[in-house]
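K.L.:
Starting off with a structure, shown below.
Bear in mind that the values in this text are calculations on the coordinates, not laboratory data. What you see is a predicted model, and the numbers here were worked out from it, not measured in a lab. Note that each Cβ is placed from the backbone with ideal geometry, even for glycine, and that neighbours are counted across all protein chains shown.
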Amino acid sequence: MKKILIIIFCLCLVSCSQNEFQVRSVKQIQGSKNKILFGPISNRDYKTPKAFVNDFRDLLAFELIRSGYQLISEIDSTASIQSVQNTKNSQEFDYYLVGVVSIHANERLMDKKDSLFIFLHLYDFEGHLVGLVNSSFDAISPIHPERNRFLANQLIHSLDQVIQK
């Protein structure tokens with residue numbers, strides 16, 4: 001019995017030591033790249049978990065700051081482009097960023113895959129559309145932290161290209 005307990009303990013120890021986790025931090029630097037008023041990232045469909053959208057939004061904000069952007073206070077999810085223009089009077093920002101996340105699932109039992117769509121809309125401070133960035137991919141599970149971090153970095157790289165044009 002003691003041998004079995006020791007073996008179970010060792011297996012638990014080995015499996016715990018193989019779990020990798022990361023802790024990262026970022027500090028926003030005033031006066032850095034462009035100032036972005038970070039608007040809502042919303043669900044487009046009922047299948048996308050709200051937690052996924054919120055997590056992706058936080059990850060995108062983290063990666064934007066890490067890439068040197070300065071994020072200005074958020075506005076609520078019901079804000080229109082007109083209210084963003086009014087915000088310009090009280091806050092200085094260069095761009096307004098909003099987005100949509102949507103997961104489409106096929107209902108086949110044998111070949112179940114989900115498709116993840118992300119759309120980012122970038123407006124200038126006057127409310128004019130500057131550009132769009134989108135991403136889509138098929139996956140068995142679109143909710144994967146490492147892939148989502150990579151995706152956020154690629155979206156920001158594309159935003160950089162839109163801003164520099």
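K.L.:
Would you pull out the residues with amide H under 5 Å of Ile72's amide H, same chain only if 5 or more places away, H placed 1.01 Å from N?
P.N.:
Result for Ile72 returns Ile36, Leu37, Phe38.
K.L.:
If we count every other residue with Cβ under 15 angstrom of Ala152's Cβ, Lys/Arg +1 and Asp/Glu -1, where does the sum land?
P.N.:
Neighbourhood net charge equals 0.
K.L.:
Between Leu59 and Asn34, what length comes free when the chain is fully extended (0.36 nm per residue of separation minus the Cα-Cα distance, one decimal in nm)?
P.N.:
7.2 nm
K.L.:
Once amide H atoms are built 1.01 Å from N in the peptide plane, which residues 5 or more positions from Thr48, or in another chain, come under 5 Å H to H?
P.N.:
For Thr48, the qualifying residues are Ile103.
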